[in-house]
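What follows is calculated from the coordinates using simple rules that are stated; it is not laboratory data. Since the model is a prediction, treat every value here as computed from it, not as a measurement. Glycine gets a Cβ as well: all are built from the backbone with ideal geometry, and neighbour counts include every protein chain shown.
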Ligand code: ADP
């Protein structure tokens, strides 16, 4: 068999996904739709997959044995932010360190039973302060979700709990649409915690309560909780509700149009929400470094009647079940965009299949240290690998080093080695194409041209500036690393992929501060500068609109 024929066949091979039990059906559907195939343990090599999706955390060994062509859908210890008590603790610490003005976006919270005395002091203080409207509290079990076990109360005599809970100030003046309470399910994808790289999804879900908001019936879950898992069982769920329609969901697009009709500056609101996301993730940074992972978080944001956004909680494995047509539209595209964000190259399928292919013809591609194998050939095209002694299995280490900014020398070494590779196979031509400087029109078509033949059926949007955010400017950046979410062209995080918009790093200084470990102090200083710049100019222009918005 000619080497070229072999390469051509391998390039046409699809990417491979691996699903653990209980992964929502839509994940499989979307990947199959894109031309991927499902991993078959009996037929395939253990490493012969590109994406492993689980609903539960991976084992340490999964992170250690990751290969350059693979991605995992969780980071180690992401739970630090998704358990209600851990999150409350982290935010409290940040409030203490950086001031409550910046971190006042999460309702005051107490972890019970530990904080019982502090809570009682606060409860009594609130009760005694004359002339203020009464304070309400919400009690939530720390490790439950979907509205289970929640209790809202005003009087301490109604407060009972039998497990670890957090008690939060209840936001009793939520924004209402036609009398119905709502919150936002914002999707956030972290492609790396080191260097910190955060994307928010422009489309999302507005989730309504299905009975009108009423503080005189605190035990009516359909009036006070916006979880779909609860409201879909409410008597009004299927009924047409004036002002919001049937069901209990809107898209963000619809919500933004609604806000604009009423003269609300949705751009400013979204900037505030993005600040919340960054400040929240900074509270847990740095997580233990791990390469080739990503984490999809569901941020629950409540907006009050002054248009101030509040963070309620951060969800691990945000629900991907399809309860209605709005879910299907938003979540299907979300998953397609996630796969785009994972930035697979043709070579990812090739590499994974090359091992299998070579085995089939009786040749084992060595994971050698010499730089002569096709596995290494791809290494400097893929992520931030490049150590002379880098094997595929050690790609994790090199990515970590890259994050520490220590790979410049190493990249040069690998490039030297790569020059010795045979160049006339399809593989090497592909490599050459990927390494060649692009014209601007080629660059525009970049993602499309790199997609696997037959593997992608989803129309990918080219990189374009966000409607809501300034496009991050990395022109003067000096990063030499190449994590998977970096563009080949300028070795910077791709500013926009589908509806995912890069929100961190948001400028050169933030990028530098997140490279060598995470310099939270400098980053917060940058955020302060930005916030200070944003507000005065807006206030001058549209005082009326800004009046709606509380300061961040
Ligand atoms: P769960 O993980 O059980 O969904 P959440 O913290 O998301 O817990 O709370 C469920 C719902 O309760 C939210 O979607 C929101 O409607 C309401 N809620 C939670 N916390 C507050 C709060 N502090 N103020 C007002 N409403 C809240």
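Geometric descriptor of the range 1-149, per residue, is 211 Å³ (volume of the convex hull of the Cα atoms). Between residue 117 and residue 173, the modelled labels are 3.3 nm apart [label points 7 Å from Cα along Cα→Cβ]. Kirkwood hydrodynamic radius of the range 111-156, from the reciprocal of the average inverse Cα-Cα distance over all distinct pairs: 12.0 Å. On full extension, the segment bounded by residue 254 and residue 93 gains 54.3 nm, given 0.36 nm per residue less the C-alpha separation.
Past the 23 angstrom mark, what percentage of all C-alpha to C-alpha distances in the range 70-200 do you count? Write down the numbers at each step before the final one.
Details: 3782 of 8515 pairs.
Taking all Cα-Cα pairs of the range 70-200, the fraction more than 23 Å apart is 44 percent.
If you sort the three axes of the alpha carbon gyration tensor as a ≥ b ≥ c, you get a/c of 1.5 or more for the range 139-202 and a/b no higher than b/c, which makes it oblate. Measuring max minus min along each principal axis, the C-alpha atoms of the range 246-299 give extents of 45, 26, 16 Å (largest first). If the segment from residue 129 to residue 21 were pulled out straight at 0.36 nm per residue, it would be longer than the present Cα-Cα gap by 33.7 nm.
Report the Stokes-Einstein translational diffusion coefficient (µm² s⁻¹, integer) for the range 153-306, Rh taken as the Kirkwood radius over Cα pairs, at 20 °C with viscosity 1.002 mPa s. All intermediate terms of the calculation are to be shown ahead of the outcome.
Working: Rh = 17.5 Å.
Here the translational diffusion coefficient equals 122 µm²/s.
The simple Förster model, with R0 at 41 Å and r as the Cβ-Cβ distance, assigns residue 61 and residue 509 a FRET efficiency of 0.65. Legend: calculated FRET efficiency, residue 32 to residue 158, from the Cβ-Cβ distance at R0 = 41 Å, rounded to 0.05, equals 0.25. Computed over the alpha-carbon pairs of the range 93-169, the distance histogram in 10 Å steps reads 17, 46, 32, 5 percent, short to long. Rg then Dmax, both in Å and based on the Cα atoms of the range 224-321: 16.4, 49. If you look at the Cα atoms of the range 199-256, you get an Rg and a Dmax of 12.2, 40 Å. Cβ-Cβ distance of residue 261 and residue 329, R₀ of 25 Å, FRET efficiency by 1/(1 + (r/R0)^6): the value works out to about 0.70.
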